[in-house]
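To start, the structure itself, in structure tokens.
The values are calculated or read from the model by the stated rules, or taken from the named source; none is laboratory data. Computed from a predicted structure; not experimentally measured. Here Cβ is always computed from backbone atoms with ideal geometry, including for glycine, and neighbour counts include all displayed protein chains.
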Ligand SMILES: [Zn+2]
């Protein structure tokens, strides 16, 4: 049977392969080095120079000598668990490393990143039969202090022999997959999709032979999930004149999400732009204008005190840096089945790309 003709995607086979590899590579908060290596390797042909800061934030630069500096940014780290306590019977209790969701943990498979390499383990959970017979006859709810890993060891010594130590991190095993109608699922699309998209922006600039009248800093920051820390450090180092941040935001069309609180955003309807105090009015207006001119659909939303993204780290760095947030809608954030739509990836890349082509050092970003 003939395949239906599709409009050509801006994503090449090579970029899709990179997305899959990048998604399937663990990059726990504080231990992002393997992911950063993969990312820099992919980015290298499209930049002139690069560096990595002391805590692992990776930066690719186009026009490194330019005085005016623009950042496009995503975060590289992935929520995970820390080994905290090993029982004499060989079970492992944990602490969070970022906002991992205790409710989805029972029955999941993980890799523990030990000193001798990856060790497979599972989140054990009492059987439906045994827990119904518990004295309170109340269903136990998963909590950090009752969740445990079982790797097959039956003593503390056996655990240690496997190279597992206090402070080792554990990540879920689930990787990238595709569903019907161009939906992708995977672990930590938050925010590896961002790292992928900013790299694709650099690729498009190079392949379309575009020159920019400023220095472009393509930043993949570490440690976002524990308080926007990597961005905080790198914003001080770069001292940019403007910053475009990309991260994920909630699709509010799934059950048990309240649009009255969370707003109206859906996968497949384009990137989302946020209003909020850290989002610079003039820069946001410019992005909205670019979207309208280039017929890129956008979905507006608002935040209260903060966007909860690296936008704050850039906006409030140094003497204040005009910053804007371009988010991609995502379902089931911080689960192992984070889901997003291919067309939103394409449109978000295009919106960043077209914004960069519109921005110049002379763009009026004056507040009044
Ligand atoms: Zn997150």
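Can you tell me how many residues within segment 165-190 are within 16 Å of the ligand (Cβ to nearest atom) and part of a helix (DSSP H, G or I)?
So the count comes out to 2.
Could you figure out which of (1) out of contact with any strand residue (DSSP E or B) (no Cβ under 7 Å at 6 or more places or on another chain); (2) part of a loop (DSSP other than H, G, I, E, B) isn't true of residue 347?
Every condition holds for residue 347 apart from (2).
Within segment 305-324, is there a residue that is within 16 Å of the ligand (Cβ to nearest atom), in contact with a strand residue (DSSP E or B) (Cβ under 9 Å, 6 or more places away or on another chain), farther than 24 Å from residue 186 by Cβ and not in a strand (DSSP E or B)?
Checked against the condition, which is being within 16 Å of the ligand (Cβ to nearest atom), in contact with a strand residue (DSSP E or B) (Cβ under 9 Å, 6 or more places away or on another chain), farther than 24 Å from residue 186 by Cβ and not in a strand (DSSP E or B), segment 305-324 yields at least one hit.
Have a look at 97, 84, 63 and point out the one that is at pLDDT 95 or above, more than 21 Å from the chain's Cα centre (by Cα) and closer than 30 Å to residue 141 by Cβ.
84
Looking only at segment 201-242, filter to residues that are within 16 Å of the ligand (Cβ to nearest atom) and in a loop (DSSP other than H, G, I, E, B); which one of those is surrounded by the most Cβ atoms within 10 Å (Cβ to Cβ)?
224
How many of the residues in segment 66-86 are touching a strand residue (DSSP E or B) at 6+ places or on another chain (Cβ under 7 Å) and more than 27 Å from residue 186 (Cα to Cα)?
Total meeting the criteria: 6.
Only one of (1) more than 16 Å from the ligand (Cβ to nearest atom); (2) within 24 Å of residue 325 (Cβ to Cβ); (3) within 17 Å of the chain's Cα centre (by Cα) fails for residue 27. Which number is that?
(1)
Somewhere in segment 191-199, is a residue more than 15 Å from the chain's Cα centre (by Cα) and either within 16 Å of the ligand (Cβ to nearest atom) or farther than 30 Å from residue 150 by Cα (or both)?
No.
Here is a list of conditions, (1) within 23 Å of residue 220 (Cβ to Cβ); (2) outside any loop (DSSP other than H, G, I, E, B), and residue 66 meets all of them except one; can you say which number that is?
Going through the list (1) within 23 Å of residue 220 (Cβ to Cβ); (2) outside any loop (DSSP other than H, G, I, E, B), residue 66 breaks only (2).
Please specify each residue of segment 32-51 satisfying the condition of being touching a residue at least 24 places away in the same chain (Cβ under 8 Å) and out of contact with any strand residue (DSSP E or B) (no Cβ under 6 Å at 6 or more places or on another chain).
Hits for segment 32-51 are 32, 35, 42, 45, 46.
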